[in-house]
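The values are calculated or read from the model by the stated rules, or taken from the named source; none is laboratory data. Everything numeric in this text was worked out from a predicted model, so none of it was measured. Every residue, glycine among them, receives a Cβ derived from its backbone with ideal geometry; neighbour counts consider all protein chains shown.
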Amino acid sequence: MRVPVVRHGTLRRRARRRRVWWTGGELLVTVGVVLLLLVAHQLWWTNEEARRGAERTVEALEREWGTDSSSGSEVAAPGGESGAPAHGAGSGDASRPGASRQDVSAGTRPERPDGSQAYAILTIPRLGLRVPVAEGIARRGVLDKGYVGHYPGTQQPGQSGNFALAGHRNTHGEPFRHLDRLAPRDTVEVETRTAVYTYAVDTTLAQTSARDSGVLREIPRSIVHPAHGYTRPGHYLTLTTCTPEYTSRYRLVVWGTLVSSRPR
């Protein structure tokens, strides 16, 4: 019976292969752990950090303005009764009869803020949301802080035209995570140093192109889906975010109309 002879070279090759496989396995495990940490950072830590920062900013604005915002009489907006949301018009012509191109309440026009400055507070009761509004839509200076950003070139709160805002749907506080849950007649409140403006949701455009500039016009109307939007001047609110979740391919748009305002 012949006894197989194992040469030293064969043993060394086998040892090298084992080391290669072991090293490769270690590298794969390390890469997997790093990826998991990155995902955790994006999905958990950035949210916690941004939410805490946004909460501190809201508190700072409230301290700066004073906590008593209940004084002052309610002023009815065009087409809506004081303190009551107007009826949602849905897609198509959702303008209000008798809408004026003048500001709703004289003397309550907010100052024009500096870039990235938080200057208002957005409250959406349906979503349990209360976050700062800052000027601009820069990711690093505004959106990644958990703020909602005001589109430059659109109107300010309470003004005739289109007050348009953007916010993250996922990560960095994700203030607009559940924007798709808003329904007609839900209220959206915008507080500034001088006034509180209440908008009522009219309609939602579930998906449109990221380049659909029509949704930001003074009379907002989609140029991709022309059946959605308004046809007459009014006092409008536009909320935008990315869709589907965890992508930035399309935009989700919610529109509303100003129904009341009151001084702080």
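Summary of values
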{"item": "Out of T243, T198, sole residue that is of a type in the set (S, T, Y), buried (at least 18 other Cβ atoms within 10 Å of the Cβ) and farther than 23 Å from R140 by Cβ", "result": "T198"}
{"item": "Residues of the range 227-261 satisfying the condition of being in contact (Cβ under 8 Å) with a residue 60 or more places away in the chain and β-branched (V, I, T)", "result": "T231, T238, T240, T241, T243, V254, T257, V259"}
{"item": "Residue among L35, L27 that is modelled with pLDDT under 75, more than 29 Å from H172 (Cβ to Cβ) and surrounded by 10 or more Cβ atoms within 10 Å (Cβ to Cβ)", "result": "L27"}
{"item": "Those residues of the range 205-240 which are closer than 19 Å to I124 by Cα and crowded, with 20+ Cβ neighbours inside 10 Å, in sequence order", "result": "L205, H235, Y236, L237, T238, L239, T240"}
{"item": "The range 188-221: number of residues that are in contact with a helix residue (DSSP H, G or I) (Cβ under 6 Å, 6 or more places away or on another chain) and assigned to a strand (DSSP E or B)", "result": "1"}
{"item": "Qualifying residue in the range 158-174 (condition: surrounded by 22 or more Cβ atoms within 10 Å (Cβ to Cβ), closer than 16 Å to L237 by Cβ and hydroxyl-bearing (S, T, Y))", "result": "no"}
{"item": "Of the criteria (1) crowded, with 19+ Cβ neighbours inside 10 Å; (2) touching a Pro at 6+ places or on another chain (Cβ under 9 Å); (3) not small (G, A, S), which one T187 fails", "result": "(1)"}
{"item": "Tally, over the range 113-164, of residues that are in contact with an Asp or Glu (Cβ under 8 Å, 6 or more places away or on another chain), among the charged types (D, E, K, R) and not in a loop (DSSP other than H, G, I, E, B)", "result": "2"}
{"item": "Boolean, V259 is assigned to a strand (DSSP E or B), over 19 Å from V131 (Cα atoms) and aliphatic (A, V, I, L, M)", "result": "yes"}
